[in-house]
Amino acid sequence: MSRLRNKSFAVIVACALVMLFTNVAITYIHKDSKPGAYLGAQLEQKMVEVEFSTPTLPSLDLPRETVKNYYYMDEPTPSATNTPSIQPIEQENQENSVYSFDGFRSRAKLSNVIINEHWEYQNDIFRREITYPPFILKFPNFLHDKDYKVFANWKEVSELANEYQSRREQGDPECQEHEYGASFTNPVYYLTGIVETVPNVTIGCAGLCGAPGCRSSSRCGAEGYCGYLSVNNLWWRNDAPYMGNNYGRVLYFEPPASWAFQHWIPDLFPKLIQTWDFFQDPSVNVLTARPKQDRSPLVGFLWDYWDALDKIEPIPEKGMDVDASEFISGCIAPSIHPFLWKEMRLALGIDETYNNAPLNKVIWIGRDKETARNGRYVVNSDETVAALTEASEAAGYEFVSFNHKKYASIELVKELFGSAKLIIGPHGGGLFNLIFAPDRTSVIELFPESYYGKMGGNIIVWLQSVMIGQDYWRIHSEANGNNVIVDINELLGLLNDHIFAK
């Protein structure tokens with residue numbers, strides 16, 4: 001018995017020495033860990049890093065020899081100088097998709113975007129970390145200095161503007177082109193993307209903010225948020241037997257109200273791009289909100305554009321946990337970054353040829369008085385539309401009043417906005433269609449003065465438009481409550497002196 005104990009002790013010591021030499025640490029994830037408690041933190045163990053040349057992760061419960069579209073790494077030997085080998089697995093040709101994550105990787109290298117990928121052998125966790133470079137955006141165009149001052153003094157804007165001015169005064173060459181701008185250097189919100197996959201996982205209600213009746217739950221705090229500027233991935237390890245609601249391999253997205261186009265574009269689309277290789281995998285389903293065709297049909301058209309409607313698994317009812325044989329979490333992605341937005345447009349088939357199309361339309365995106373929530377409809381809409389129509393036709397442009405119900409596919413929406421000389425309307429979700437417009441398009445966003453100081457989404461149209469490279473104008477108009485009264489003469493002066501003159 002004594003010899004047995006000595007032998008056991010020797011085995012334990014030997015194992016410890018092997019772990020020490022191989023620089024591999026074991027991290028235990030308890031099944032009762034809170035969602036986000038592990039993924040939101042920095043990985044403590046030292047992992048072998050390699051940039052894979054093909055992106056699709058296999059189903060982790062398959063034997064290695066049956067898995068395709070992935071490169072496995074051999075486990076490192078105790079030798080400190082040993083470099084892990086990369087073993088190719090048989091490739092499958094994905095000819096049905098023009099946009100691919102391979103293209104993302106190639107363009108990332110040219111744009112100083114760094115992609116590091118790790119494999120944690122002990123926990124079967126794959127982690128992709130994407131570091132995006134800092135960037136600057138020019139300020140909106142204004143008609144009046146007072147509007148600039150109001151805009152620049154908002155807390156969320158002033159921090160970005162002050163950093164830009166500081167860099168400009170120090171002679172930073174990137175900040176010399178524009179007198180006023182915004183500098184985005186915060187790595188947490190603007191420069192970091194993380195994708196993680198783990199087997200045998202439970203996603204709880206805290207990770208499903210947006211599920212019916214769940215969003216108001218006290219569990220849906222910062223650690224359960226997967227929306228705009230999210231900084232958490234959401235899961236915890238499940239060591240208990242499945243309870244019968246196993247979703248298999250699942251890619252999770254549930255920003256608040258992601259069934260709505262104006263939330264889907266900035267909150268979900270960047271996350272989708274970072275996980276595009278998984279999204280393309282036919283064995284992976286997407287756990288997200290079902291499109292509401294009666295309220296926001298464009299979301300359904302977007303999923304259908306990539307033949308993905310059948311991949312959507314609806315978010316379960318309140319109180320239901322989701323078990324997954326493999327959980328793919330992509331909540332951490334910059335909602336705002338020019339590189340990601342260029343990739344988003346490429347995924348929609350918007351390339352340089354598209355950007356060079358003739359621009360012959362002026363598109364008005366109004367808000368219906370009867371259905372506009374929170375106001376922001378144009379009180380003198382009839383007079384404004386009549387003046388815009390006359391001015392557009394006089395300048396040789398076709399005037400179009402946009403009604404999303406008349407466009408039954410993304411192709412038709414692209415056909416319309418792909419020829420937009422100007423997109424104009426009050427602040428609202430309809431302006432998010434600018435993502436389909438060329439970079440030479442001008443955008444005019446109308447704001448009621450009563451909306452000053454209400455941040456949140458009030459800068460999102462500006463951010464989207466200038467990231468694309470469009471000519472963005474922000475007009476603060478007289479207000480009637482939360483609604484807009486357009487100064488028609490001032491608007492016509494802007495069109496004739498700036499928009500139609502170039």
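The values are calculated or read from the model by the stated rules, or taken from the named source; none is laboratory data. Please read these numbers as outputs of a predicted model, since none were measured by experiment. We place every Cβ from the backbone using ideal geometry, glycine too, and count neighbours over all the protein chains shown. For the accessible areas, the whole protein counts, side chains as well, though only heavy atoms, and no ligand, DNA or RNA atoms are used. Shrake-Rupley method; radii C 1.70, N 1.55, O 1.52, S 1.80 Å.
Here's the yes/no breakdown for (1) small (Gly, Ala, Ser); (2) part of a strand (DSSP E or B); (3) within 19 Å of TRP473 (Cβ to Cβ):
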{"position": "GLU129", "(1), (2), (3)": "no, yes, no"}
{"position": "VAL150", "(1), (2), (3)": "no, no, yes"}
{"position": "TYR164", "(1), (2), (3)": "no, no, no"}
{"position": "HIS178", "(1), (2), (3)": "no, no, yes"}
{"position": "SER183", "(1), (2), (3)": "yes, yes, no"}
{"position": "PRO199", "(1), (2), (3)": "no, yes, no"}
Candidate set: region 105-127, residues that are out of contact with any Pro (no Cβ under 9 Å at 6 or more places or on another chain) and part of a helix (DSSP H, G or I); chosen: the one farthest from LEU191 (Cα to Cα):
SER106
I need the full set of residues from region 382-408 which are of a type in the set (S, T, N, Q) and open to solvent by less than 30 Å² (accessible area, probe 1.4 Å), in order please.
THR384, SER392
Closer than 22 Å to PHE339 by Cβ and of a type in the set (Asp, Glu), is that true of GLU196?
yes
Which condition from (1) outside any strand (DSSP E or B); (2) out of contact with any helix residue (DSSP H, G or I) (no Cβ under 8 Å at 6 or more places or on another chain) is the one that LEU434 breaks?
(2)
Here's a check for you: in region 475-493, which residue that is hydrophobic (A, V, I, L, M, F, W, C) and surrounded by fewer than 19 Cβ atoms within 10 Å (Cβ to Cβ) is nearest to VAL443 (Cα to Cα)?
LEU492
List every residue pair whose Cβ atoms lie under 8 Å apart, where the two residues are 6 or more positions apart in sequence or sit on different chains, the first residue falls within region 151-165 and is touching a residue at least 40 places away in the same chain (Cβ under 8 Å), and the second residue, located anywhere, is outside any helix (DSSP H, G or I) and surrounded by 17 or more Cβ atoms within 10 Å (Cβ to Cβ).
PHE151/PHE139; PHE151/PRO140; PHE151/PHE142; PHE151/ARG474; VAL157/ALA182
Are any residues in region 329-353 open to solvent by 10 Å² or more (accessible area, probe 1.4 Å), under 20 Å from PHE301 (Cα atoms) and at pLDDT below 95, and if so, which ones?
GLY349, ASP351
Mind checking whether some residue in region 250-260 is among the polar types (S, T, N, Q) and either open to solvent by 40 Å² or more (accessible area, probe 1.4 Å) or free of Cβ contacts under 8 Å to residues at least 60 places away in the same chain (or both)?
yes
Hits in region 149-179 - residues which are open to solvent by 60 Å² or more (accessible area, probe 1.4 Å), modelled with pLDDT under 95 and farther than 23 Å from TYR132 by Cβ:
LYS149, ASN153, LYS155, GLU179
Here the qualifying pairs (Cβ atoms under 9 Å; residues six or more apart or on different chains; first in region 481-502 and free of Cβ contacts under 8 Å to residues at least 24 places away in the same chain; second assigned to a helix (DSSP H, G or I)) come out as ASN489/ALA387; ALA501/LEU495
Can you tell me which condition ASP323 does not meet? The list is (1) touching a strand residue (DSSP E or B) at 6+ places or on another chain (Cβ under 6 Å); (2) assigned to a helix (DSSP H, G or I), and all the others hold.
(2)
Odd one out for ILE424, checked against (1) assigned to a helix (DSSP H, G or I); (2) at pLDDT 95 or above; (3) open to solvent by less than 50 Å² (accessible area, probe 1.4 Å):
(1)
State yes or no: is ALA357 in contact (Cβ under 8 Å) with a residue 12 or more places away in the chain and touching a Gly at 6+ places or on another chain (Cβ under 8 Å)?
yes
So, first residue free of Cβ contacts under 8 Å to residues at least 60 places away in the same chain in region 417-439, second residue in a strand (DSSP E or B) and of a type in the set (Phe, Trp, Tyr), Cβ within less than 9 Å, six or more apart or across chains; the pairs are HIS427/PHE447; LEU434/TYR472
Could you figure out which of (1) more than 30 Å from ASP497 (Cα to Cα); (2) out of contact with any Pro (no Cβ under 9 Å at 6 or more places or on another chain); (3) at pLDDT 90 or above isn't true of PHE142?
(1)
